[in-house]
Amino acid sequence: MNLFDEIFQKDKEEICSINFISEQHRPIFEEVTNINLADQQLSSIAQFFIAPFIYINPNGVLHIPIGKEFIYEKLIEEVAPHFERIRKVTSGEQVQVMLENVKETSKENFLSVFNTGNINAIALDLYANGSASLETGSHTIKEYKVNLEAVTRTLGHDIVSIWNFFKHSFVQINGQLVLMPNNWNFDESFKDRITVQAFSSVCSSMTILVNTDNNLITSIFIN
(Lines give C-alpha, C1' and ligand atoms only; values in the text may rest on other atoms or scores of the structure.)
Protein backbone atom coordinates (compact mmCIF):
# COMPACT_ATOMS: atom_id res chain seq x y z
CA MET A 1 0.00 0.00 0.00
CA ASN A 2 1.32 3.41 -0.96
CA LEU A 3 1.58 5.98 1.79
CA PHE A 4 0.46 8.79 -0.56
CA ASP A 5 -2.03 8.89 -3.43
CA GLU A 6 -2.03 12.02 -5.57
CA ILE A 7 -5.37 13.81 -5.82
CA PHE A 8 -6.03 15.10 -9.31
CA GLN A 9 -8.44 17.95 -10.09
CA LYS A 10 -11.23 15.68 -11.37
CA ASP A 11 -11.10 13.57 -8.19
CA LYS A 12 -11.05 16.72 -6.07
CA GLU A 13 -14.15 18.10 -7.76
CA GLU A 14 -16.00 14.86 -7.11
CA ILE A 15 -15.16 14.52 -3.42
CA CYS A 16 -15.19 18.14 -2.27
CA SER A 17 -18.19 20.23 -1.37
CA ILE A 18 -18.34 23.84 -0.22
CA ASN A 19 -20.95 25.26 2.14
CA PHE A 20 -21.94 28.85 1.47
CA ILE A 21 -23.47 31.09 4.12
CA SER A 22 -26.29 33.02 2.50
CA GLU A 23 -26.83 35.55 5.27
CA GLN A 24 -23.97 37.79 6.32
CA HIS A 25 -23.77 39.49 9.69
CA ARG A 26 -21.60 42.38 10.74
CA PRO A 27 -19.13 40.98 13.28
CA ILE A 28 -19.17 42.27 16.84
CA PHE A 29 -15.75 42.52 18.51
CA GLU A 30 -15.52 42.25 22.29
CA GLU A 31 -12.28 42.66 24.23
CA VAL A 32 -11.94 39.95 26.87
CA THR A 33 -10.12 41.17 29.98
CA ASN A 34 -9.58 40.27 33.63
CA ILE A 35 -8.13 36.85 32.86
CA ASN A 36 -5.70 35.81 35.57
CA LEU A 37 -2.44 34.07 34.67
CA ALA A 38 -1.50 33.30 38.26
CA ASP A 39 -0.37 29.66 38.65
CA GLN A 40 -1.59 28.96 35.11
CA GLN A 41 -0.04 25.73 33.84
CA LEU A 42 0.80 25.08 30.22
CA SER A 43 -1.69 22.42 29.16
CA SER A 44 -1.11 20.42 25.99
CA ILE A 45 -3.57 22.55 24.03
CA ALA A 46 -1.94 25.75 25.33
CA GLN A 47 1.49 24.48 24.25
CA PHE A 48 0.05 23.64 20.82
CA PHE A 49 -1.13 27.22 20.27
CA ILE A 50 1.88 28.95 21.83
CA ALA A 51 4.52 26.95 19.93
CA PRO A 52 4.06 28.73 16.55
CA PHE A 53 4.62 32.08 18.26
CA ILE A 54 7.88 30.77 19.73
CA TYR A 55 9.27 28.96 16.68
CA ILE A 56 7.61 30.54 13.63
CA ASN A 57 6.15 34.04 13.98
CA PRO A 58 5.84 35.98 17.25
CA ASN A 59 3.56 38.54 15.57
CA GLY A 60 0.88 36.13 14.35
CA VAL A 61 -2.82 36.17 15.21
CA LEU A 62 -4.80 33.08 16.18
CA HIS A 63 -8.39 32.73 14.99
CA ILE A 64 -10.11 29.90 16.87
CA PRO A 65 -13.73 29.06 15.92
CA ILE A 66 -16.02 27.99 18.73
CA GLY A 67 -18.34 25.06 18.05
CA LYS A 68 -19.39 24.23 21.61
CA GLU A 69 -19.68 26.25 24.81
CA PHE A 70 -17.19 23.99 26.60
CA ILE A 71 -14.61 24.86 23.92
CA TYR A 72 -14.95 28.54 24.75
CA GLU A 73 -14.64 27.79 28.47
CA LYS A 74 -11.57 25.62 27.94
CA LEU A 75 -10.00 28.24 25.68
CA ILE A 76 -10.55 31.03 28.20
CA GLU A 77 -9.29 28.88 31.05
CA GLU A 78 -6.24 27.20 29.48
CA VAL A 79 -5.11 29.22 26.45
CA ALA A 80 -6.27 32.83 26.63
CA PRO A 81 -4.44 33.66 29.91
CA HIS A 82 -1.14 33.31 28.03
CA PHE A 83 -1.96 36.10 25.55
CA GLU A 84 -1.93 39.86 25.98
CA ARG A 85 -4.86 40.58 23.67
CA ILE A 86 -8.02 38.46 23.58
CA ARG A 87 -11.04 39.28 21.45
CA LYS A 88 -14.35 37.46 21.13
CA VAL A 89 -15.85 37.92 17.66
CA THR A 90 -19.55 37.20 17.13
CA SER A 91 -21.18 37.14 13.70
CA GLY A 92 -24.77 35.91 13.85
CA GLU A 93 -24.54 32.52 15.56
CA GLN A 94 -20.86 32.10 14.73
CA VAL A 95 -18.27 32.82 17.41
CA GLN A 96 -14.50 32.87 17.26
CA VAL A 97 -11.74 34.01 19.58
CA MET A 98 -8.74 35.99 18.35
CA LEU A 99 -5.49 35.79 20.32
CA GLU A 100 -2.41 37.99 19.90
CA ASN A 101 0.95 38.53 21.60
CA VAL A 102 2.12 35.73 23.89
CA LYS A 103 2.95 37.10 27.34
CA GLU A 104 6.63 37.17 28.28
CA THR A 105 5.96 35.08 31.38
CA SER A 106 4.29 32.43 29.22
CA LYS A 107 7.21 32.43 26.76
CA GLU A 108 9.58 31.86 29.67
CA ASN A 109 7.32 29.13 31.03
CA PHE A 110 7.16 27.45 27.63
CA LEU A 111 10.95 27.46 27.22
CA SER A 112 11.34 26.15 30.77
CA VAL A 113 9.02 23.26 30.00
CA PHE A 114 10.95 22.66 26.77
CA ASN A 115 14.30 22.64 28.57
CA THR A 116 13.07 20.07 31.08
CA GLY A 117 11.87 17.79 28.29
CA ASN A 118 8.20 18.06 29.23
CA ILE A 119 6.91 19.84 26.13
CA ASN A 120 4.10 18.12 24.26
CA ALA A 121 5.74 15.98 21.57
CA ILE A 122 3.16 16.91 18.91
CA ALA A 123 3.74 20.66 19.27
CA LEU A 124 7.49 20.05 19.22
CA ASP A 125 7.29 17.81 16.17
CA LEU A 126 5.20 20.28 14.19
CA TYR A 127 7.05 23.51 14.80
CA ALA A 128 10.53 23.07 16.34
CA ASN A 129 12.39 22.01 13.23
CA GLY A 130 15.03 24.57 12.36
CA SER A 131 14.31 28.02 10.96
CA ALA A 132 10.79 28.96 9.90
CA SER A 133 9.79 27.78 6.44
CA LEU A 134 7.41 30.62 5.67
CA GLU A 135 7.59 31.45 1.98
CA THR A 136 6.10 33.91 -0.46
CA GLY A 137 5.63 33.84 -4.21
CA SER A 138 4.13 31.25 -6.52
CA HIS A 139 5.04 27.57 -6.32
CA THR A 140 3.99 24.31 -7.90
CA ILE A 141 1.65 22.59 -5.44
CA LYS A 142 0.41 19.01 -5.49
CA GLU A 143 -2.19 17.42 -3.23
CA TYR A 144 -2.00 13.91 -1.81
CA LYS A 145 -4.28 11.71 0.25
CA VAL A 146 -2.55 9.95 3.14
CA ASN A 147 -3.38 6.25 3.46
CA LEU A 148 -3.92 6.04 7.20
CA GLU A 149 -3.68 2.24 7.12
CA ALA A 150 0.00 2.64 6.24
CA VAL A 151 0.64 4.63 9.43
CA THR A 152 1.42 3.14 12.83
CA ARG A 153 -1.03 4.83 15.18
CA THR A 154 -0.63 5.97 18.76
CA LEU A 155 -3.04 7.38 21.33
CA GLY A 156 -0.22 8.93 23.32
CA HIS A 157 0.84 12.58 23.76
CA ASP A 158 -2.62 13.64 25.02
CA ILE A 159 -4.02 13.32 21.49
CA VAL A 160 -7.53 12.39 22.65
CA SER A 161 -7.89 15.65 24.59
CA ILE A 162 -6.26 17.68 21.81
CA TRP A 163 -8.48 16.13 19.15
CA ASN A 164 -11.61 16.67 21.24
CA PHE A 165 -10.80 20.39 21.24
CA PHE A 166 -10.10 20.57 17.51
CA LYS A 167 -13.10 18.40 16.58
CA HIS A 168 -15.50 20.83 18.26
CA SER A 169 -13.80 23.96 16.96
CA PHE A 170 -11.97 23.88 13.61
CA VAL A 171 -13.44 20.63 12.28
CA GLN A 172 -17.02 21.38 13.35
CA ILE A 173 -17.00 24.94 11.98
CA ASN A 174 -14.57 24.75 9.04
CA GLY A 175 -14.91 21.10 8.12
CA GLN A 176 -11.24 20.37 8.79
CA LEU A 177 -8.20 21.18 10.88
CA VAL A 178 -5.30 22.73 8.96
CA LEU A 179 -1.77 22.23 10.29
CA MET A 180 1.27 23.97 8.80
CA PRO A 181 4.36 21.95 9.74
CA ASN A 182 7.73 23.61 9.78
CA ASN A 183 10.31 22.19 7.33
CA TRP A 184 8.79 18.74 6.82
CA ASN A 185 10.16 16.87 3.81
CA PHE A 186 7.75 15.01 1.55
CA ASP A 187 8.97 11.42 1.85
CA GLU A 188 8.30 8.15 3.64
CA SER A 189 9.50 9.59 6.96
CA PHE A 190 6.10 11.30 7.13
CA LYS A 191 4.58 8.12 8.58
CA ASP A 192 7.13 8.12 11.41
CA ARG A 193 6.19 11.60 12.59
CA ILE A 194 4.66 11.68 16.07
CA THR A 195 2.06 14.18 14.87
CA VAL A 196 0.96 11.92 12.01
CA GLN A 197 0.81 8.79 14.15
CA ALA A 198 -1.19 10.57 16.84
CA PHE A 199 -3.75 12.27 14.58
CA SER A 200 -4.09 9.11 12.48
CA SER A 201 -5.43 7.37 15.57
CA VAL A 202 -8.39 9.76 15.92
CA CYS A 203 -9.17 11.29 12.51
CA SER A 204 -11.10 9.85 9.57
CA SER A 205 -9.01 11.35 6.74
CA MET A 206 -5.80 13.25 6.11
CA THR A 207 -4.51 15.06 3.02
CA ILE A 208 -1.41 17.14 2.43
CA LEU A 209 -0.19 19.89 0.10
CA VAL A 210 3.37 19.65 -1.18
CA ASN A 211 5.54 22.37 -2.66
CA THR A 212 7.22 20.40 -5.43
CA ASP A 213 9.82 23.14 -5.96
CA ASN A 214 11.51 22.33 -2.63
CA ASN A 215 9.77 19.04 -1.71
CA LEU A 216 8.38 20.46 1.53
CA ILE A 217 4.93 19.74 2.96
CA THR A 218 3.13 23.07 3.32
CA SER A 219 -0.17 21.98 4.88
CA ILE A 220 -1.90 19.00 6.47
CA PHE A 221 -5.71 18.81 6.32
CA ILE A 222 -7.36 16.61 8.93
CA ASN A 223 -10.99 15.69 9.62
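The values are calculated or read from the model by the stated rules, or taken from the named source; none is laboratory data. Owing to the predicted nature of the structure, the values given are computational and were not obtained by experimental measurement. Note that each Cβ is placed from the backbone with ideal geometry, even for glycine, and that neighbours are counted across all protein chains shown. Note: areas computed on protein heavy atoms with side chains; ligands, DNA, RNA excluded. Shrake-Rupley method; radii C 1.70, N 1.55, O 1.52, S 1.80 Å.
Among (i) 142; (ii) 103; (iii) 178, which is the computed volume of the Cα convex hull per residue in Å³?
Given (i) 142; (ii) 103; (iii) 178, the structure-derived one carries the label (i).
Taking each full run of DSSP H in the chain as one helix, which ones are at least 15 Å long along their axis (Cα atoms) and have mean Kyte-Doolittle hydropathy of at least 0.5?
In the chain, the long hydrophobic H runs are 44-55.
Does anything in segment 56-72 have its amide N under 12 Å from the 7 Å Cα→Cβ label point of Asn36, and if so which residues?
Answer for this model: none.
For the chain, build the charge dipole from Cβ charges (+1 Lys, Arg; -1 Asp, Glu) around the Cα centre, then report which of Ala128, Ser205, Ser219 sits farthest towards its positive end.
Ser205
Provide the descending list of Cα extents for segment 109-208 along its principal axes, expressed in whole angstroms.
In descending order, the Cα extents are 40, 30, 29 Å.
Taking the Cα-to-Cβ direction at Glu104 and at Asp213 and moving 7 Å from each Cα, how far apart do the two end points lie in nm?
About 3.9 nm, to one decimal.
So with the 1.4 Å probe, I'd like the accessible area per residue for segment 46-133, rounded to whole Å².
It amounts to 45 Å² per residue over segment 46-133.
May I ask you to list the trypsin sites (Lys or Arg not before Pro) in segment 36-126 that are in a DSSP loop and have at most 15 other Cβ atoms within 10 Å of their Cβ?
Lys68, Lys103
Explain nothing, just the number: dipole magnitude of the chain about its Cα centre with +1 on each Lys and Arg Cβ and -1 on each Asp and Glu Cβ, in debye rounded to the nearest 20.
Here the chain has a charge dipole of around 100 debye.
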